[in-house]
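> Have a look at this one before I ask anything.
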Amino acid sequence: MKSLLADALKYIESSFLIDANFRQDIGENLPFQLKKNATLSIASIESREFMMLAAEDPYLLESNNFIHLKRLDSKAELPLIIVVSELTPALKKISKQLRTGIIVPGRYVSMPSLMLQSESVDAGQERWVDTESSYGIIPSYLVSYYLSGYFDNGFNSAEVLDLLDISKMAFSRAVKELLSQRLISETSQGRSSHFRFTESRKSIWNHHRQRISPLSTGFLPVEKEELASNNIFLSGESALSKYTLLGAPSRPFIGMCMTDKDRYMRPITPATMKGDYFFKILNVIDSEKYQYHLPDGNAMLQVFPYQPLLKNGVLNKVFLLFSRFSTADLRVKSSYSELEEQVYEEIKN
């Protein structure tokens, strides 16, 4: 971390031709959760003192909704500057909200208190790429499978058609989108094409996970009898209770996957996944009955348009994170954050 701070100070000096010097270590003021993987120092920049928080791993600062960073900033007597090796969209956003500085040595500087701003552009990044809008549903499924450990050796159309039970046209549109976003590369192997993700799982998690579209509908209460003959699995709070300390909910939260026949000639878009459109397609709710309170003992159901990754009848961790379910309950929200940390540790390692 000290070398990261030294690189940051050198980058400031060379970029703006100003003085930037290390003053003293104040690591004793760090929250104990950060002490092992971050440093806290005082540095002088243009004869003004700043508190410099250096962490190689930006996700360390993002955990629990930036609670450690917010507490540190609220107690700071000096302007805070964050130094990291990678700039994530979430970290950039919170630094603007807190009006802290942020430095990624060799790539990015933002110090509002000194009115300094700089961002380097790689020669290979001249073509404009949309970095804000969400990915389509099938591209989001492919990215989620990759984050879950799939596609180490890349993938081809036959593998994905079998995995998601989709048409060649749907696959073609999906890879075209991922290619335009530079998330995958394409090579020819005889008459077929082979695709490979161009970024590490850690990099995609840090830089692109906010663009993954929700992989499912939300939940609606249904009668268990309606689901007896269908292929169902645990999702939502029920799945979360399998991976964290959250207690199992009183009513089971379950998921159901649509078949190719269910999807035929029907639009699968983020808009159609928000309401009860898919539930009506599957005939699992009665529109009139749904207007009234359903008796206790019913299940909460959500629908997945394509086959998600399952483990022993439970929705996989990554797919659970990107499925729709409410985290308004503080217990659920805390367990959701715990699951995020689990997934990141698995991706990082």
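The values are calculated or read from the model by the stated rules, or taken from the named source; none is laboratory data. On a predicted model such as this, the values are computed, not experimentally measured, just so you know. Note that we place each Cβ from the backbone using ideal geometry, even for glycine, and neighbour counts take in every protein chain shown. For the accessible areas, the whole protein counts, side chains as well, though only heavy atoms, and no ligand, DNA or RNA atoms are used. Shrake-Rupley method; radii C 1.70, N 1.55, O 1.52, S 1.80 Å.
> What does the charge dipole of the chain about its Cα centre add up to, to the nearest 20 debye, if the Cβ of each Lys and Arg holds +1 and the Cβ of each Asp and Glu holds -1?
On the way: 40 positive and 41 negative charges, 44 e Å.
It works out to roughly 220 debye.
> Most mobile of LEU315, LEU78, LEU330 per a Gaussian network model of the chain (Cα springs, under 10 Å)?
Ranking LEU315, LEU78, LEU330 by mean-square fluctuation puts LEU330 first.
> Using a 1.4 Å probe on the protein chains only, how many percent of the accessible area of the chain belongs to carbon and sulfur?
48
> Of all GluC sites (Glu not before Pro) in the stretch 1-99, which ones are in loop regions per DSSP and have a Cβ with at most 10 other Cβ atoms within 10 Å?
Passing both the DSSP loop test and the Cβ count: GLU77.
> Short version: ³J(HN,Hα) in whole Hz for each residue of the stretch 44-60, in order, from phi by Karplus 6.51 cos²θ - 1.76 cosθ + 1.60 (θ = phi - 60°), x for Gly and Pro, what are they?
10, 10, 6, 6, 10, 8, 9, 9, 10, 9, 10, 8, 4, 9, x, 5, 4
> For the chain, what does -39500 (n - 2.57) per DSSP helix run (n ≥ 4), summed and divided by total residues, give at 222 nm, in deg cm²/dmol to the nearest 500? Intermediate results must be reported in sequence, preceding the final value.
Numbers: 12 runs with 124 residues, N = 349.
So the helix-based figure for the chain works out to -10500 deg cm²/dmol.
> Next up: Tell me, what is the per residue accessible area of the chain in Å², probe radius 1.4 Å? Numbers along the way, then the final one.
Details: 18160 Å² over 349 residues.
Roughly 52 Å² per residue, with all protein chains present.
> At most 10 other C-beta atoms within 10 Å and a DSSP loop state: those are the exposed chymotrypsin sites (Phe, Trp or Tyr not before Pro) I care about. Give me the longest piece of the chain that has none. Kindly include the intermediate steps, with their values, before the conclusion.
On the way: sites that count: PHE32, TRP128, TYR264, TYR292.
In short, 129-263.
> Here is a further query. Express the C-alpha Rg of the stretch 180-282 as a ratio against the empirical globular expectation 2.2 N^0.38 Å, rounded to two decimals.
1.43
> Here is a follow-up. If I stretch the segment between ASN153 and LYS10 completely, what's the gain in nm (0.36 nm per residue apart, minus their alpha carbon distance), one decimal?
So the chain would gain 47.6 nm between ASN153 and LYS10.
> If R₀ is 56 angstrom, what is the calculated FRET efficiency for the pair GLN189 and GLU28, using the beta carbon separation as r and rounding to 0.05?
0.45
> Over all distinct alpha-carbon pairs, what is the Kirkwood Rh of the chain in angstrom?
It works out to 22.8 Å.
> With the chain treated as a Gaussian network of Cα nodes joined by springs under 10 Å, which of GLY136, GLY149, GLY190 yields the largest mean-square fluctuation?
GLY190
> Evaluate the distance, in nm, between pseudo-label points positioned 7 Å from the Cα of GLU346 and of LEU330 along their respective Cα→Cβ axes.
2.9
> If each residue of separation counts as 0.36 nm, what is the full-extension length gain between ASN65 and LEU78 once their alpha-carbon separation is subtracted? Before the final figure, lay out each step's value.
Values: separation 13, 0.36 × 13 = 4.68 nm, distance 2.25 nm.
Additional length available on full extension: 2.4 nm.
> Right, here's the next one. May I ask you to evaluate 6.51 cos²θ - 1.76 cosθ + 1.60, the Karplus curve with θ = phi - 60°, for each residue of the stretch 67-83 and list the ³J(HN,Hα) values in order in whole Hz, giving x for glycine and proline?
So the Karplus estimates, Gly and Pro as x, are 4, 5, 5, 5, 5, 5, 5, 5, 8, 5, 8, 10, x, 9, 10, 9, 10 Hz.
> Considering only DSSP states other than H, G, I, E and B, which trypsin sites (Lys or Arg not before Pro) in the stretch 1-64 qualify as loop sites with at most 16 other Cβ atoms within 10 Å? Mind showing how you got there, number by number?
Numbers: sites: LYS2, LYS10, ARG23, LYS35, LYS36, ARG48; in loops: LYS35, LYS36.
Qualifying residues, ordered by number: LYS35, LYS36.
> Next up: When the chain is treated as a GNM, springs tying every alpha-carbon pair under 10 Å, which of GLN117, GLN189, GLN24 comes out with the largest mean-square fluctuation?
Largest GNM mean-square fluctuation: GLN189.
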